[in-house]
There are 2 protein chains.
Amino acid sequence: MTGVRVAGVGLTPFGAHEGRTGRDLFAEAALAALADAGVDGDDVEHLNYGNFMGALAERQGHQAPVMTEAAGLRCAGTRYEEACASAGVAVREAVRAIRSGENDVMLAGGMERMTNLSTAEVTESLAVAADELFEVRAGVTFPGAYALMARAYFDEYGGSREDLAHVAAKNHANAVNNEYAQYQREITVEQALDSPEVASPLHLFDACPITDGASALVLVSEEFAADHDLDAPVAITGTGQGGDRAALQDRADMARTPAATDAAEEAYADAGITSDEVAVAEVHDCFTIAEVMALESLGFFEPGEGVGAARRGDTTRDGDLPVNLSGGLKAKGHPVGATGGSQIAEMTRLLRGDHPNSDAVADATVGLTHNAGGTVASAVVHVLEVAE
Amino acid sequence: MTGVRVAGVGLTPFGAHEGRTGRDLFAEAALAALADAGVDGDDVEHLNYGNFMGALAERQGHQAPVMTEAAGLRCAGTRYEEACASAGVAVREAVRAIRSGENDVMLAGGMERMTNLSTAEVTESLAVAADELFEVRAGVTFPGAYALMARAYFDEYGGSREDLAHVAAKNHANAVNNEYAQYQREITVEQALDSPEVASPLHLFDACPITDGASALVLVSEEFAADHDLDAPVAITGTGQGGDRAALQDRADMARTPAATDAAEEAYADAGITSDEVAVAEVHDCFTIAEVMALESLGFFEPGEGVGAARRGDTTRDGDLPVNLSGGLKAKGHPVGATGGSQIAEMTRLLRGDHPNSDAVADATVGLTHNAGGTVASAVVHVLEVAE
C-alpha cells in the first residue's frame, strides 16, 4: 500500500465574499493548491469535492463537473455530501483511492456559499443536516441541538459557561495571525460571557459564524511525489470515519459523540499511533461545547475533563496540546462543505512550518484533524505526520 | 485484487408513493436486498448511498445517517451526489472499496422522492443538475437541453421523430412484465408520435416520467461470498467513470456524449472485454435521444447508426443486443438518485435468470449498465458477468 502525501494546499480567505460565485471561490482554492504543489492541473486524475447546501444556496447541484471546469481540470469528479463533514469524507475517499493504487494524483476539497442567504434562509438550510421528521419539525435547529448537548454534558459532568467562554477566547486568539480567518481579532472571556444568549446555555460567542469559502488539497502517492521531486513532507497516515443516529433522541447519551471515537480509533489504528502521540489538533468546534466533546471522544481527555481544558491552558497555543491554532470554526469560520479540507490544509501548514502559528508547535511531527456532520452523526478523523 | 459479487438486490416498485417518506422507501429496498442476499444487516460495513434532490424535495440533507438507521444498520454511511448518476457513483466507489481490501460487505444504492412536488417544483429542482449560471438562467431545463442535443444529432447524422418513437415503444413493451415498473403497459409508435410536444423535436412520450423509488445492492468480496456460502453468481467485473463540461455550450459536439465513452472504455479495460462481448444492456434513457447517444458512446453502434437501432429491431427483446429490458427510465421510471442502483439490480436479475424478461437473454453472460448525470456531464458504466 502506497503512502499518501499532501503535495499542496489552497484556501480562499474565509468570510463574506459578496458577489462571488461558488465556482469562483473553489477555482481560487484549487489553483492555489496546484501552484503550492507544483503540479499541473492536467496531471490530476480525479476531483473529490465536498459541498453541503449548494442546491439551496445557489440552486446548483451536480457540482462535480462545474468545479472540474472551474479548476481547469480535464478529469471527472465526484461530489460528497455529509453535512459539515462533506470535505472530510471527500479527502478520506481520495486517500483510499491513492492507497488502493487506482490513482496517483487527486484534488480534494470543498466549497460553501452561505452569506448570500438571509439569516432565516441560512438557518433553515443548515437545519437540512438534522433529522427533518423528528428534530426540525419539533423546532430544533443547530444552536438548539448543541445547547441540548451542552446541558446534558453539564448535568453529567459539570462545567460552566465560563469554561466554554475560554474555548471561544482561545480560538479567537489563535486566529489573529491567520490571514485566512474570518475574525482576526481577540475576544475576552468576559465578552463571550456577555454576548447575547442564543439557546441556553449557549450564547452568540459560543457559535461559529456564517461563512463563504473554499479549500483544496493536492494529494499524491509517495511514488508520484518522489518521481516528480515534489516538496511534500507531510503524509496522511491515518483515516477513519464514524456514524451515529441522525437525531439526538436516538442516542444513548447526548453528552458523548461516539461517532468521533469510532473515527479516531480507526484513524489511530490505521496510522499505528495512540492519541498520546498527537502533538497538535484541529477539531470541529462549530460550537464551543463541540470542541469539548471532541477532545474527549478523540481520547485526549477523560470524560468530564475536556470542558476545563482551555481554561486550564492545556489546549492553548503554549499548552501541552494546542487545539485549533487556525482559529477553528469558531474564529476562522465555517463554510460547511469546505471545512474538512481547510482543517487539513491548516494542519499541513502547521507541520510544514509555514503557518503563522507554526512556532507554537515547532517540534510537532504528528497532527490530527476532526471534522463532524450534524450533531456528530458523522465524523471523519485524519492523522497527519511529517514524513521526512 | 479481490472480485466483487452482487449478493442481493432490492427495489421498491417505481411510481408515485403518496404519503411515504424517503427513508421508508429506502428501508424497503435495503431490507429486500439483505433478504435476497441472506446477509445480516450487522455484517454490513458501510452504506454508499445516492440521492440527488433530497434537500429540495424533503428538506433532508445529510441522508447517510438517516438511511443507515432506516435500514437497521449499525455502520456509517456516505452520500454521493452526481445528479441522475448519484447511485451509479455510489456503487462504483463500493466496488473500489471492496477491491482495495478495505471492505468485504457494502450496501449501495439510492433513493429519490419526486412526486410529492408540484410539476413546477420538480422541474426547477431537476434543473439544479444543469449549469445554473449559463443554462438555467437562459431558460434551459432538461427537456429543452435534450431537445437541443436531438436537433444537433439529427442535423449531423439524420434520423427522425419516428426513430425515437420506436425507442419509446420498445421500452414500454419491455416494462409490461416488470413488477417494479411505473408503466406496465405498451404504447404504439403512433401514440408516441401523437403525444403532445414538449420541446421540439421531443414529445411527451420521448421523456421518462417523474418517479419515487429506491434501490439497494448487497456487494461482497468473493472471499466473503465463498466463506458464507452465498448464492451470488453475478460479479461486477468492470467499472468506469467519465466527466464532461456541465453546460452544453462548452461541448465540442452536442450530438456526442464523450463522458459515456470515457466511462465505457475504462470499464471495458477493467473487465478485460470489448463492447462486442456485451449481450444485454441497461442504458440511461431519460429521453429517447439519450438512449440513441448512449448506444453510440458505449461502442455498440457507429455514429449515426444508433438512432435506427430500435426501429430495425437490433435492440428489441429479440434483437442482437436487447437494451433496457427493465423498461428503462422511460417506462420503468426514473427516481433519479436510485436509478444507477436499479439498473444494476435489474441486470443482476436478468443474468441470474430470475427477471421476468430473463428468457430474452437466456444465454447471456455479460451485461452492461450506463448511468448518466445531467446532459451526460457525468457518466458511470459497469460490466456485470456471470461468474459461476
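Every number in this text was worked out from the coordinates using simple rules, so none of it is lab data. The shown structure was predicted, so the numbers you read here are calculated from the model rather than taken from an experiment. Here the Cβ is made from the backbone with ideal geometry for all residues, glycine too, and neighbour counts use every protein chain on show.
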Residues satisfying the stated conditions in the range B:154-168, i.e. buried (at least 18 other Cβ atoms within 10 Å of the Cβ) and in a helix (DSSP H, G or I): B:154, B:161, B:163, B:164, B:165, B:166, B:167, B:168
Members of the range B:275-295 found to be in a helix (DSSP H, G or I) and either surrounded by 24 or more Cβ atoms within 10 Å (Cβ to Cβ) or within 12 Å of chain A (Cβ to nearest Cβ) (or both), listed by number: B:288, B:289, B:290, B:291, B:292, B:293, B:294, B:295
Strands (runs of 3 or more DSSP E) contained in the range B:193-250 and holding at least 2 residues out of contact with any helix residue (DSSP H, G or I) (no Cβ under 9 Å at 6 or more places or on another chain): none
The lone exception for residue A:299 - which of (1) surrounded by fewer than 24 Cβ atoms within 10 Å (Cβ to Cβ); (2) part of a helix (DSSP H, G or I) it fails: (2)
Among the residues listed as B:317, B:349, the single one being touching a helix residue (DSSP H, G or I) at 6+ places or on another chain (Cβ under 9 Å), surrounded by fewer than 24 Cβ atoms within 10 Å (Cβ to Cβ) and assigned to a helix (DSSP H, G or I): B:349
Residues located in the range A:162-205, provided they are within 15 Å of residue A:317 (Cβ to Cβ), small (Gly, Ala, Ser) and out of contact with any Asp or Glu (no Cβ under 8 Å at 6 or more places or on another chain): A:175, A:181
Of all residues making up the range B:87-114, the number that are out of contact with any helix residue (DSSP H, G or I) (no Cβ under 8 Å at 6 or more places or on another chain) and on the phi < 0 side of the Ramachandran plot: 5
Number of positions in the range A:31-77 that are among the polar types (S, T, N, Q) and surrounded by fewer than 23 Cβ atoms within 10 Å (Cβ to Cβ): 0
Single residue of B:177, B:171 found to be in contact (Cβ under 8 Å) with a residue 40 or more places away in the chain, assigned to a loop (DSSP other than H, G, I, E, B) and on the phi < 0 side of the Ramachandran plot: B:177
Answer residue from the range A:125-153, given it is charged (D, E, K, R) and in a helix (DSSP H, G or I) and is farthest from the other protein chains (Cβ to nearest Cβ) among those: A:151
Among the residues listed as B:360, B:364, B:372, the single one being surrounded by fewer than 24 Cβ atoms within 10 Å (Cβ to Cβ) and either touching a His at 6+ places or on another chain (Cβ under 9 Å) or part of a helix (DSSP H, G or I) (or both): B:360
Test set (1) more than 7 Å from chain B (Cβ to nearest Cβ); (2) in contact (Cβ under 8 Å) with a residue 60 or more places away in the chain; (3) surrounded by fewer than 24 Cβ atoms within 10 Å (Cβ to Cβ); (4) not aromatic (Phe, Trp, Tyr) - residue A:98 fails condition number: (3)
Residue list for the range A:325-340, filter: in a loop (DSSP other than H, G, I, E, B) and either farther than 30 Å from residue A:55 by Cα or in contact with a His (Cβ under 6 Å, 6 or more places away or on another chain) (or both): A:325
Within the range A:251-274, tally of residues that are buried (at least 17 other Cβ atoms within 10 Å of the Cβ) and either away from chain B (no Cβ under 14 Å) or part of a strand (DSSP E or B) (or both): 6
Per-region count, the range B:73-89, residues more than 7 Å from every other protein chain (Cβ to nearest Cβ) and either touching a Phe, Trp or Tyr at 6+ places or on another chain (Cβ under 6 Å) or touching a residue at least 60 places away in the same chain (Cβ under 8 Å) (or both): 5
Output for the range A:12-40, where each listed residue is within 14 Å of chain B (Cβ to nearest Cβ) and within 17 Å of the chain's Cα centre (by Cα): A:26
Failed criterion for residue A:111 (all others in (1) aliphatic (A, V, I, L, M); (2) surrounded by 21 or more Cβ atoms within 10 Å (Cβ to Cβ); (3) at the interface with another protein chain (Cβ under 10 Å from one of its Cβ atoms); (4) in contact with a Lys or Arg (Cβ under 9 Å, 6 or more places away or on another chain) hold): (3)
Members of the range B:180-198 that are touching a strand residue (DSSP E or B) at 6+ places or on another chain (Cβ under 9 Å) and more than 14 Å from residue B:334 (Cα to Cα): B:192, B:193, B:194, B:195, B:196, B:197, B:198
Tally of residues being closer than 17 Å to residue A:286 by Cα and of a type in the set (Val, Ile, Thr) across the range A:311-368: 5
Residues of the range A:85-106 satisfying the condition of being touching an Asp or Glu at 6+ places or on another chain (Cβ under 9 Å) and outside any helix (DSSP H, G or I): A:100, A:102, A:103, A:104, A:105, A:106
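For every residue, the table says whether it meets (1) of a type outside the set (Val, Ile, Thr); (2) under 20 Å from residue A:78 (Cβ atoms); (3) out of contact with any Leu (no Cβ under 7 Å at 6 or more places or on another chain).
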site: B:319; (1), (2), (3): yes, no, yes
site: B:322; (1), (2), (3): yes, no, yes
site: B:351; (1), (2), (3): yes, no, no
site: B:354; (1), (2), (3): yes, no, yes
site: B:361; (1), (2), (3): no, no, no
site: B:374; (1), (2), (3): yes, yes, yes
site: B:377; (1), (2), (3): yes, yes, yes
site: B:386; (1), (2), (3): no, no, no
Positions within the range B:114-150 being of a type in the set (Gly, Ala, Ser) and crowded, with 16+ Cβ neighbours inside 10 Å, in sequence order: B:125, B:127, B:129, B:130, B:144, B:145, B:147, B:150
Near pairs, Cβ below 9 angstrom, 6+ apart or cross-chain, from the range B:52-72 (more than 7 Å from chain A (Cβ to nearest Cβ)) to any residue that is of a type in the set (D, E, K, R) and in a helix (DSSP H, G or I): B:57/B:121; B:63/B:23; B:67/B:23; B:70/B:23; B:70/B:24; B:71/B:23; B:72/B:42
Filter result (away from every other protein chain (no Cβ under 14 Å) and under 29 Å from residue B:66 (Cβ atoms)) within the range A:217-243: A:217, A:236
Which numbered condition residue B:92 misses (of (1) facing chain A (nearest Cβ under 8 Å); (2) buried (at least 24 other Cβ atoms within 10 Å of the Cβ)): (1)
Condition met for residue B:311 (of a type in the set (Lys, Arg) and not in a helix (DSSP H, G or I)): no
